[in-house]
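See below for the structure under consideration.
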Amino acid sequence: MTPKHILITGAAGAIGGQLSARFRDHHPQATLTLVDLNAKALEAAARQHRANAEACDLTDIDALPAWWQALTDRHGPVDVLVNCAGIMDILTVHGTGWERGKRLLDINFTAPMRLMDLALPSMVSNRHGCVINVASMAGRVPIRGCSYYGGAKAGIGLASEIARLDLKKDGVNVITVYPGPIYSGLESHARSQVKQGPISRFIPTGRPEILADRIYKAFSKNSARVIYPDIYSVAKQIANLNLTHRAMDFFSPQPNE
């Protein structure tokens, strides 16, 4: 498809920034809207990629419809939505607490579902659109300390896969992305929350620019999903076996609390 208006959440982060560059390079005439909570970093990204900057707290779920309406009134309907915003904490379920847990659920599951809900009417009406949802391998295998994060990513991953089935007949493609650890602020923060040892030190970690290349390739080919780094394709298969819990009980790093 030739997009007219591309919206990327989490655009001030490592993955979102790389995706902004890919879409701007390949679609120089398209309107590009970048969304992030970090207004200062967002403004810099918007200047770099010749994009609109939209500072937004995606956890304010009830405010999203009015915000979306104002945005599309200014810039036109969104025909490519990239749900890339995410936060991660590796804490025990009782150590997380409800307030932190709810924020993890809102950012990683509720907000992307609400944004899909807001974007899809025009996409379906025009029989033209694409939604890219960045889930996580943490939503496919049980990782100690990730009850809220893993639960949210499992939810958005499965919802995204189902949405692809629902929307195929309407000319809308849905791509689900399953990254393992990727060098980024999110990964660095999560790594600081686990006890350091061989598992946490040597866990395979990917590059955001390579992930962005693969996501854009999936977009250009109307593919269904992206898994990166490649070794995590094995973990996706393990997730379907009874060995999952025993394997991840051994391989999961220990959270600090």
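Number of residues in the stretch 162-184 that are touching a residue at least 40 places away in the same chain (Cβ under 8 Å) and either surrounded by fewer than 14 Cβ atoms within 10 Å (Cβ to Cβ) or among the hydrophobic types (A, V, I, L, M, F, W, C) (or both): the value is 7.
Annotation note: Cβ proximity below 6 Å between a residue of the stretch 112-133 that is closer than 16 Å to Val82 by Cβ and a residue that is aromatic (Phe, Trp, Tyr) (sequence gap 6+ or interchain) occurs for Leu118/Trp68.
Residues checked against (1) buried (at least 22 other Cβ atoms within 10 Å of the Cβ); (2) charged (D, E, K, R):
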| position | (1), (2) |
| --- | --- |
| Leu19 | yes, no |
| Arg24 | no, yes |
| Val35 | yes, no |
| Pro65 | no, no |
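Comparison of Ile6, Ile90, Ile15 shows that the only residue that is at pLDDT below 95 and either assigned to a loop (DSSP other than H, G, I, E, B) or surrounded by 16 or more Cβ atoms within 10 Å (Cβ to Cβ) (or both) is Ile90.
Tallying residues that are within 13 Å of the chain's Cα centre (by Cα) and basic (Lys, Arg) within the stretch 152-175 yields 1.
Name the single residue, out of those in the stretch 109-161 being assigned to a helix (DSSP H, G or I) and basic (Lys, Arg), that is surrounded by the fewest Cβ atoms within 10 Å (Cβ to Cβ). Taking the candidates together, the pick is Arg114.
In the stretch 1-15, the residue that is farthest from Lys217 (Cα to Cα) out of those that are out of contact with any helix residue (DSSP H, G or I) (no Cβ under 8 Å at 6 or more places or on another chain) and touching a residue at least 40 places away in the same chain (Cβ under 8 Å) is Lys4. Would you pick out the residues in the stretch 36-73 that are part of a strand (DSSP E or B) and under 22 Å from Thr2 (Cβ atoms)? The one that is part of a strand (DSSP E or B) and under 22 Å from Thr2 (Cβ atoms): Asn52.
Taking first residues from the stretch 25-49 that are closer than 21 Å to Asp73 by Cβ and modelled with pLDDT of 95 or more and partners that are of a type in the set (S, T, N, Q) and assigned to a helix (DSSP H, G or I), the Cβ contacts under 8 Å between residues at least 6 apart in sequence or on separate chains come to Leu32/Ser20; Leu34/Ser20. Since Arg22 meets every condition but one in (1) touching a residue at least 24 places away in the same chain (Cβ under 8 Å); (2) part of a strand (DSSP E or B); (3) not hydroxyl-bearing (Ser, Thr, Tyr), which condition does it not meet? Evaluating Arg22 over (1) touching a residue at least 24 places away in the same chain (Cβ under 8 Å); (2) part of a strand (DSSP E or B); (3) not hydroxyl-bearing (Ser, Thr, Tyr) leaves (2) as the failure. Might you let me know whether the stretch 69-80 holds any residue that is buried (at least 23 other Cβ atoms within 10 Å of the Cβ) and without any contact (Cβ under 8 Å) to a residue 40 or more places away in the chain? No, the stretch 69-80 has no match at all.
The values are calculated or read from the model by the stated rules, or taken from the named source; none is laboratory data. Not measured: the values here are computed from a predicted model. Note that each Cβ is placed from the backbone with ideal geometry, even for glycine, and that neighbours are counted across all protein chains shown.
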